[in-house]
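Read the structure below first, then the notes.
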Amino acid sequence: GENVEQHPSTLSVQEGDSAVIKCTYSDSASNYFPWYKQELGKRPQLIIDIRSNVGEKKDQRIAVTLNKTAKHFSLHITETQPEDSAVYFCAASSPINPRTSYDKVIFGPGTSLSVIP
Amino acid sequence: GAGVSQSPSNKVTEKGKDVELRCDPISGHTALYWYRQRLGQGLEFLIYFQGNSAPDKSGLPSDRFSAERTGESVSTLTIQRTQQEDSAVYLCASSLVPGRVGTDTQYFGPGTRLTVL
């Protein structure tokens, strides 16, 4: 089955610097890669996602890159702000049963990002 | 519109008791997922519903755990004879149609924090 690894487990950056979180996946059939942000005591919320037919996607200060050959994808946050402090989860979705259109989403273990003012 | 809701928000129980956790997905979402999140840990998949059927229950940790979904809407996760290691936040998520571009994003509920004494 799919396995998703995520690094680093913790990351501390100065406000205004960039933060990069990297994930690898094992199933070459994975075709959808969402990123979730979870603030302390809150629910995970989707911040950006990318599909296997594109290599990069950007939304304001957040960007995600995908390397299908190497089976890794990364989240880039530029000009970090204290409100970016949270746990970030990457995930990979791969088709399990084409007849049911069920794609199983496997989450990485998370990265705790702290932005120091 | 209304998001995913879960009840209760907090549940404290004694070891050996049964508990029921409820999830109300976004109206019209065909897919529903349950996850477990231990303190400081990632999202552990438990079970997936498509409609009222559960084609993937591979994440249920033991036969003490069961879940059902009725009316292609509300779902209940039941834990029998609770143990201290069951203490965690139980998160529910729903998606419109899994495996299809633009409709497979999972939206999470606020979770139920279960504490087993």
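The amide H of A:Gly110, built 1.01 Å from its N in the peptide plane, has A:Cys90 as neighbours under 5 Å, considering only residues 5 or more places off or on other chains. Residues B:Val12, B:Val89, A:Val54, ordered by accessible area of protein heavy atoms at a 1.4 angstrom probe radius and largest first, appear as B:Val12, A:Val54, B:Val89.
Quick one: with all protein chains in place, what share of the accessible area of chain B is carbon or sulfur, to the nearest percent (1.4 Å probe)? Walk me through the numbers on the way to the answer.
On the way: 2480 of 5450 Å².
On chain B, the fraction of accessible area on carbon and sulfur atoms equals 45 percent.
Mind checking the mean number of beta-carbon atoms from other chains within 10 Å of the Cβ atoms in A:32-42?
Mean number of neighbouring Cβ atoms from other chains: 2.
Residues whose amide H falls under 5 Å from that of A:Ser26, counting only those 5 or more places apart or on a different chain, are A:Asn3, with hydrogens built in the peptide plane. Counting every Cα pair in segment A:33-83, what percent are over 17 Å apart? Above the 17 Å cut-off, segment A:33-83 has 40 percent of its Cα pairs. Computed over segment A:10-58, the convex hull of the alpha-carbon atoms projects to a mean area of 4.9 nm². When the accessible areas of A alone and B alone are added and the area of the pair subtracted, with a 1.4 Å probe, the result is around 1700 Å², both sides summed.
By the scheme Lys and Arg +1, Asp and Glu -1, what is the net charge of all other residues having a beta-carbon under 15 Å from that of B:Leu114?
Working: positive: B:Lys11, B:Lys15, B:Lys17, B:Arg22, B:Arg36, B:Arg38, B:Arg64, B:Arg81, B:Arg113; negative: B:Glu14, B:Asp18, B:Glu20, B:Glu44, B:Glu85, B:Asp86.
Net charge around B:Leu114: +3.
List, in the order given, every pair from A:Lys71/A:Lys104; A:Lys22/B:Lys57; A:Lys37/A:Lys71; A:Lys37/B:Lys17 whose Cα-Cα distance in the structure shown is over 24 Å.
Numbers: A:Lys71/A:Lys104 17 Å; A:Lys22/B:Lys57 29 Å; A:Lys37/A:Lys71 22 Å; A:Lys37/B:Lys17 33 Å.
Where the Cα-Cα span goes over 24 Å, the pairs concerned are A:Lys22/B:Lys57; A:Lys37/B:Lys17.
Here the translational diffusion coefficient of chain A follows from Stokes-Einstein with Rh set to the Kirkwood radius across Cα pairs; for 20 °C and 1.002 mPa s it amounts to 149 µm²/s. Solvent-accessible surface, computed for protein heavy atoms with a probe of 1.4 Å, shrinks by 20 Å² or more for the following residues of segment B:27-70 when the other protein chains are added to the isolated chain: B:Tyr35, B:Gln37, B:Gly42, B:Leu43, B:Phe45, B:Tyr48, B:Asp56.
Residues whose amide H falls under 5 Å from that of A:Ser12, counting only those 5 or more places apart or on a different chain, are A:Ser114, with hydrogens built in the peptide plane.
Placing a label point 7 Å from the Cα of B:Gln80 along the Cα-to-Cβ line, the residues of segment B:10-36 whose backbone N sits under 11 Å from it are B:18.
Along its principal axes, the protein assembly as shown has C-alpha extents of 49, 44, 34 angstrom, given from the largest down.
Would you work out the relative contact order for segment B:41-117, in percent, from Cα pairs under 8 angstrom that are 6 or more residues apart? Provide the component values of the computation, followed by the final result.
Values: 107 pairs, mean separation 16.1, N = 77.
Normalised by residue count, the contact order of segment B:41-117 is 21 percent.
By the Cα gyration tensor, chain B has an equivalent ellipsoid whose semi-axes, rounded to whole angstrom, run 24, 14, 13 from largest to smallest.
Take each residue of peptide B:74-82, count the partner chain Cβ atoms within 10 Å of its Cβ, and average: the result is 0.
Phi angles across segment B:86-93 convert, under the Karplus curve 6.51 cos²θ - 1.76 cosθ + 1.60 with θ = phi - 60°, into 3J(HN,Hα) values of 7, 4, 4, 9, 9, 10, 10, 9 Hz, Gly and Pro given as x.
The values are calculated or read from the model by the stated rules, or taken from the named source; none is laboratory data. Computed from a predicted model, the values in this text were never measured in an experiment. Cβ: placed from backbone, ideal geometry, glycine included. Neighbour counts: every protein chain shown. Remember, those area values only see protein heavy atoms, side chains included, never the ligands or the DNA or RNA. Shrake-Rupley method; radii C 1.70, N 1.55, O 1.52, S 1.80 Å.
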